[in-house]
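Each remark here refers to the structure printed beneath this line.
None of the figures in this text is laboratory data; all of them are computed from the coordinates on show. All values derive from a computational prediction rather than experimental measurement. All Cβ positions, glycine included, derive from the backbone under ideal geometry; neighbour counts span all protein chains shown.
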There are 2 protein chains.
Amino acid sequence: MHDVIRLDVKENIHSENDHIADHVRQHLSEDGILVVNVMGAPGVGKTTTLKNIFPHLRKAKPYVIEGDIESDIDTVDLQNMGFDTYQINTFGACHLDAPLIHDAIHKMDFDKEGILFIENIGNLVCPAEFSIGEHIKMLISTVTEGSDKPYKYPLAFEKADIILINKCDLLPYVDFDEDFFMKGVRAQNKDVPVFKVSGKTGEGYREVAAWLESRNPD
Amino acid sequence: MHDVIRLDVKENIHSENDHIADHVRQHLSEDGILVVNVMGAPGVGKTTTLKNIFPHLRKAKPYVIEGDIESDIDTVDLQNMGFDTYQINTFGACHLDAPLIHDAIHKMDFDKEGILFIENIGNLVCPAEFSIGEHIKMLISTVTEGSDKPYKYPLAFEKADIILINKCDLLPYVDFDEDFFMKGVRAQNKDVPVFKVSGKTGEGYREVAAWLESRNPD
C-alpha cells in the first residue's frame, strides 16, 4: 500500500517535471540557445571545465546556471571572470529539476544566440534521472575516480550525449585502466563521443567546444 | 496541495526508516558488533580504505556490506581476499536505507565480536540523510576532489563522526588548500577527528583502525 503511494508520487513528479522541461527546451530553442546539462560527481571539475571551454567558443556566447546545495563559490568566481552566471541553491535537494530552471531562465537575459551551461549538483546518481530542458547531457568523469564508474553508475553513462575524462594530467600517478573504462562506457552507450581533457594543462577543450558549437538547439 | 502530500510521504519514509535503524543498531550492539556507515562521493576510495584498515585491526573481526547501484566488483574483490562480504544492489536508488540493512544482517553470520563496515552508495548528498543503524558515520573525502567540498556539501561533513582525507600521495600534483578545507570542516563539525590517508602508500590507516577499535558498540 505504502509502495503504491510512493510510486504514484514519483510518477507524478516525473511527468510534471518532463512537461516543464519540454517547455524550457522549446522556449530556449526559439531564442537560439543550446542548453547543456553538465553532470558529474563532486569534485570532477565541472566549473573548471566551463572555464576551459569558454575561450574556445568561436560564435556562441556562454551563459551559466550554477546548481549547488549551498554556497556560491563558483558563481562568484565565474562572475568575476565576466560571465553571465545565475546561482541556484537547492538547500538539500540532490539534483536540479525543470521547475528550478524554468524560474531561473525567466530571471536571466539572453541577449544573443549562445550556449546555456547548467552545472548540476555534484552527484553521479540523481541528476541523470531528471530532464531539466537540456538539448545535451555532458557527463564529466575523471581518471582519479577510477575506471569502474560506468559499471557502478550506468544510468549517467547511458544518458550522456558527450563524455569528458578530466584530470588526464594525473594519469602517470593513478591506476586508471582506460580500456576497462571504455568497455564499460560502450556497454551503456554505443556512440557517445568521449574526450580526454585536463583542467590543468588545457588539453582537449578546443575539440569539446567545437563539438558543442556543431550542435543545433532545434 | 501537492507539496503537502510530498512532505507527508517524506516524513513517513524518514520515521519508518529511523525506527528500523534503531532496531538494527540495538540488535548488532547486543552481538558486540560496531556498525560503521562508510560514505563518500564516487571514486573516493571507499573499498580501498576498507582493505587498508583491515590488516591493522588488532581485535575486531571485519564484516562488510557493499552497497552499489549495480555491479558486484568490490564484493568479488573483498571475498577473494577472504573477507565476509554481502552485496546489496539498489538498482537505481541513490542511498542505502535501514530496511535494506535489516534484511542483509539477517542473512549474515556474525560469529564473533567485530566491526561491520557498510559501504554506502557513492554519493556525497543523499546517504547523509538516512540512518542505517550505524554507530559511526565515516566520511571519506580526497585531495583530488578539491578543498571546497565542506562548503558545498555541508550535511555530510556535519554528520560525520570521523573524516578521512584520502589520496594524500597526490598532494604534490593537485591544488588542495588544506587550511581552507579544515576551516570548512570546523564550521560544520567542531570536534570530528580528521585523518590524512593514502590508499597508495598505506599512510594513516593504523591510526584510523586504532580509533575505530577504541569505540564501543553500546
Gained length - B:GLU213 relative to B:HIS19, 0.36 nm times residue gap less alpha-carbon distance: 67.2 nm
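Expressed in nm², what is the orientationally averaged projection area of the convex hull enclosing the Cα positions of segment B:63-138?
Values: hull surface 20.5 nm².
The number I arrive at for segment B:63-138 is 5.1 nm².
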Label point distance in nm, A:ASP31-B:VAL9, each placed 7 Å from Cα along Cα→Cβ: 3.1 nm
Mean separation of Cα contacts under 8 Å, 6 or more apart, over the residue count of segment A:1-118: relative contact order %: 37 percent
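Taking a threshold of 25 Å on the Cα-Cα distance, which of the pairs A:LYS200/B:LYS159; B:LYS51/B:LYS196; A:LYS61/B:LYS152; A:LYS183/B:LYS152; A:LYS137/B:LYS167 fall above it? Don't skip to the end; give the middle numbers.
Details: A:LYS200/B:LYS159 33 Å; B:LYS51/B:LYS196 16 Å; A:LYS61/B:LYS152 27 Å; A:LYS183/B:LYS152 32 Å; A:LYS137/B:LYS167 29 Å.
Flagged as over cut-off: A:LYS200/B:LYS159; A:LYS61/B:LYS152; A:LYS183/B:LYS152; A:LYS137/B:LYS167.
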Segment B:61-103 and segment A:1-79: distance between their alpha carbon centers, rounded to Å: 31 Å
Cα-based equivalent ellipsoid of the protein assembly as shown: semi-axis lengths in Å, sorted from largest, via gyration tensor: 37, 25, 19
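How fast does segment A:30-105 diffuse by Stokes-Einstein, in µm²/s, taking the Kirkwood radius from C-alpha pairs at 20 °C and 1.002 mPa s?
Numbers: Rh = 13.4 Å.
It diffuses with D of about 160 µm²/s by this estimate.
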Shielding by partners, peptide A:60-71 (average Cβ within 10 angstrom, other chains): 2
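Using a 10 Å cut-off on Cβ to Cβ distances, tally the other chain neighbours for every residue of B:72-83 and report the average as a whole number. Show your work: numbers first, answer last.
Numbers: counts 2, 4, 2, 0, 0, 0, 0, 0, 0, 0, 0, 0.
Across B:72-83, the average partner-chain Cβ count within 10 Å equals 1.
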Shape metrics for segment A:131-194, restricted to C-alpha atoms - Rg then Dmax, Å: 11.8, 38
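In chain A, what is the volume of the convex hull around the alpha carbon atoms, normalised per residue and reported in Å³? Don't jump to the answer; show the numbers that get you there.
Details: hull volume 28.5 nm³, N = 218.
Normalising the Cα hull of chain A by residue number yields 131 Å³.
What number, in percent, do you get for the relative contact order of chain A if the mean sequence gap of Cα pairs under 8 Å and at least 6 apart is divided by its residue count?
Values: 402 pairs, mean separation 58.1, N = 218.
Taking the mean separation of contacting Cα pairs over the length of chain A, I get 27 percent.
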Inter-chain Cβ neighbour average for residues B:130-136, partner chain, 10 Å: 0
